[in-house]
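Note sheet for the following structure.
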Amino acid sequence: MGIKVAVAVLGGIWALFFSAQAMAITTGQLFETPPGATVGGQPVSAMAIITLAPDVDRIAVQLFNNQVNPTSVIQNLSDFGFSLSTGQTAGSMVSSLGTLVEIRADGSYTPAGSMETGWELQEGYDFVSLENGIVVGALGTGLRIHVLGTEAGPANTLIGLPSGNTDSYGNANGSIAGNQAHNPFIFYQASFYLQVPGIDDSTRIAGVLFSFGTQDTPAGIPEPRTLIFLGIGLAALAGAAKRWDFTRGKGEVENGGV
């Protein structure tokens, strides 16, 4: 049986994270990059599910890179920021999890196992300070999860799935394939568990920013689409969850959701 990377495996992890108040009503929001979004001339596609458990001051962030068989590392997610409607800007990273892969010069890849992502949480981040002409002023100040500028970066960026036909990253150029500085990569999804004191039942995500690439100021997508949902067991609401079997090198889509 292969490694399942996504909602199929993370449901149990989320249950443990929120176990202190297992019956607490949680609030979740799903964000996606807009259809047709590009960075540096390359298509990008990412999704985030953010779940709040105010009774225990906890937030779970699950990130997905949905861009299959990318060409350049600029298509990899390296930074995700969000602001809260109730103004909290302080918190701590409890833990994180991702599956690492090494991508060789020929586009083939080898899984390196599931482990901490190496990403860090930045408190009190002023999104207005972002450059590259991206208008994100409405986000104000919030929290930022990032890998650039950490001990892990510029490796451990979040990459999309390989080609389903060849089970390889055949489109990858030298910024991905065999790139020693950028390898390993986090495969398809990563999860982050945060302690954020002061959130309450009224707290919502006011805005988010997906950022891509390995530059100090990565290129961002400021206006993703959003979906709000309420309930218990929100990890199951990711929609079509991707299951990937490393032993066979094939993926299949599980139709989930509500």
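See the values below:
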read-out: Strands (runs of 3 or more DSSP E) lying entirely in the stretch 9-97 (those with 3 or more residues that are buried (at least 20 other Cβ atoms within 10 Å of the Cβ), at pLDDT 90 or above and touching a strand residue (DSSP E or B) at 6+ places or on another chain (Cβ under 7 Å)); value: 46-53, 58-65, 77-84
read-out: Pairs where the first residue, in the stretch 183-195, is on the phi > 0 side of the Ramachandran plot and the second is of a type in the set (K, R) and at pLDDT below 95, C-beta under 9 Å, 6+ apart; value: Y188/K242
read-out: Top-ranked residue of the stretch 98-118 - restricted to ones that are out of contact with any Asp or Glu (no Cβ under 9 Å at 6 or more places or on another chain), of a type outside the set (S, T, Y) and part of a loop (DSSP other than H, G, I, E, B), ranked as nearest to I49 (Cα to Cα); value: E116
read-out: Filtered residues of the stretch 25-38 (kept if under 17 Å from the mean Cα position of the chain (by Cα) and hydrophobic (A, V, I, L, M, F, W, C)); value: L30, F31, A37
read-out: Count - residues of the stretch 153-174 that are within 18 Å of Q215 (Cα to Cα) and surrounded by fewer than 18 Cβ atoms within 10 Å (Cβ to Cβ); value: 2
read-out: Subset of the stretch 189-201 (residues that are more than 14 Å from V61 (Cα to Cα) and not acidic (D, E)); value: P197, G198, I199
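The values are calculated or read from the model by the stated rules, or taken from the named source; none is laboratory data. All of these numbers come straight from a predicted model, not from anything done at the bench. We place every Cβ from the backbone using ideal geometry, glycine too, and count neighbours over all the protein chains shown.
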